[in-house]
Structure formats: C-alpha cells, structure tokens
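Participant: Got a structure for you, written out below as structure tokens; questions coming shortly.
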C-alpha cells in the first residue's frame, strides 16, 4: 500500500497499492464481508509503472491516480473505464487533486512541475 487519502466518498475509501491498482474499500460499519468493492487497473508493464497517489472527484464520479510512468489516469467510478490518460510530466507523479468546484485536475511530479488541466 502506498497511500490512504484523507478524503473518502460515501463510506468508500480509495487506496493505492503497489500492484498497479486503486482499490475502493467499503469502510462503513456493518458493511458486507467483502469490503473491496471496486478495483481500477492502471498500467501493468513493469514495477516502474506503479500507481502512486489517488484522489476522488468532488462528486464521486471519477477517481484519479498519479503513476511512476509519468501519466495521470482518470477512471469513471461506475464503469471502471479509463476516461483519461494524461501525459506531460518528465517524472513520477507524486500527487493528484481535483478542484472542488470546477472540472479541473492538478498533478505534481518529481520533475518539480505542477500541471493543471480541464477535464469533462
């Protein structure tokens, strides 16, 4: 496990793990026995492609994760389909965040750059 974010949505908590996935866990009291409710798959070519950080969109419809492969992945939380694979960084992406009100995502990388982009 690489990160447990402080923010979660509706009793569900995304956790980035070293197996190229973001797993969403149901942390509500009296939740079903199987608490892992969704798995979002990232790039799986080798150990340098790990997903490093994850973030929920404010409305809970998207999850984003930064990766060691220098891309930000954004998934639809219902279909689990990758909506965006955002390039630009020259180093591992160490943080991703959604704007609280606008359809904007921010990424920070070990290349010492911040990128902000608009998504739909």
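Read the figures in this text as sums done on the coordinates, not as results from a lab. What you are looking at is a predicted structure, and each value in this text was computed from that prediction instead of being measured.
Participant: Got the relative contact order for region 42-118 handy, in percent, Cα pairs under 8 Å and 6 or more residues apart? Provide the component values of the computation, followed by the final result.
Facilitator: On the way: 192 pairs, mean separation 18.3, N = 77.
Dividing the mean separation by the residue count of region 42-118 yields 24 percent.
Participant: How large, in Å, is region 42-118 by the Kirkwood hydrodynamic radius built from its alpha-carbon pairs?
Facilitator: By the Kirkwood definition, the hydrodynamic radius is 12.2 Å.
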